[in-house]
């Protein structure tokens, strides 16, 4: 899994802290969705935290939530740590290395999470990352808790905008394993692991926020 890179670039200072311009554009719309979905208190795992800017922003917005950023990429982990160091908050944890495709997830307690947030990840990762995300979520979320995905999706096998189709071609040219995912395929993978589709919210720039919830009947 490459994590959420969103076109991140190194600042002129040469520090580890990176800046992903898309985070400034999408963080407020995503926040509005999260306000309606996340609990007031509890533990949240962010999968593929990328530059770390979202983690800092959301930890500030939700002071009652313990926000755990994660990534698999060394440069991203360093950037997350740098952003956290420059914006210290009691509820923002140090980033952990986590490859969503490799289950069980280390350092994540079974049934210990009140939500998982995954922004701009599954289309820039091989499909096993999506599969591992669902397996890991089913094992670590509390019953009834939410898994929130954000990014571009196809619906019923069709792109929702020409720009998404062009983006999909670019992704596949970069790596044939990548690509804009079909929402129905993602929902089927989630359903096979006890995660039910709760809501789909249309977002700016032809993206979607997709919310799944772990069945209260899930064992474990």
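Computed from the coordinates by the stated procedures, all read-outs in this text should not be read as laboratory data. Only a predicted model underlies this, so the values are computations on that prediction, with no experimental measurement involved. All Cβ positions, even for glycine, are placed from backbone atoms using ideal geometry, and neighbour counts span all protein chains on display.
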Exercise. Is segment 93-154 best put as rounded, prolate or oblate by its Cα gyration tensor, with a ≥ b ≥ c the root eigenvalues, rounded for a/c under 1.5, and otherwise prolate when a/b is larger than b/c, oblate when not?
Worked result: prolate
Exercise. Which of rounded, prolate, oblate describes segment 21-214, given a ≥ b ≥ c as roots of the alpha-carbon gyration tensor eigenvalues and a/c under 1.5 marking rounded, otherwise prolate only if a/b is larger than b/c?
Worked result: rounded
Problem set entry | FRET efficiency for residue 15 and residue 206, using Cβ-Cβ distance with R0 set to 41 Å, rounded to 0.05 | 0.80
Exercise. With each label point set 7 Å from Cα along the Cα-Cβ vector, what nm distance links residue 86 and residue 184?
Worked result: 4.5
For this session: Mind sorting 154, 134 by how few other Cβ atoms lie within 10 Å of their own Cβ, fewest first?
Result: 154, 134
Seminar exercise, completed: Taking a ≥ b ≥ c as the square roots of the Cα gyration tensor eigenvalues, with a/c under 1.5 meaning rounded and otherwise prolate when a/b beats b/c or oblate if not, segment 157-196 comes out oblate
Seminar exercise, completed: If 31, 195 are placed from fewest to most neighbouring beta carbons inside 10 Å, the sequence is 31, 195
For this session: Using Cα centres only, tell me the gap between segment 20-65 and segment 80-121 in whole Å.
Result: 12
Exercise. In a GNM of the chain with a 10 Å cut-off on Cα contacts, which of 102, 181, 40 has the highest mean-square fluctuation?
Worked result: 40
For this session: Report the label-to-label distance for residue 175 and residue 40 in nanometres (one decimal), using points 7 Å from each Cα along the Cα→Cβ vector.
Result: 4.1
For this session: Please give the calculated 222 nm ellipticity per residue for the chain, where each DSSP H segment of at least 4 residues contributes -39500 (n - 2.57) and the sum is spread over every residue; nearest 500 deg cm²/dmol?
Result: -10500 deg cm²/dmol
For this session: Pull up the DSSP beta bridges for segment 21-214 and report the antiparallel fraction as a percent, rounded to 5.
Result: 45
Exercise. In what order do 178, 167 fall by count of nearby beta-carbon atoms within 10 Å, going from fewest to most?
Worked result: 167, 178
Problem set entry | Computed E for residue 158/residue 24 - FRET, C-beta separation, R0 41 angstrom, nearest 0.05 | 0.85
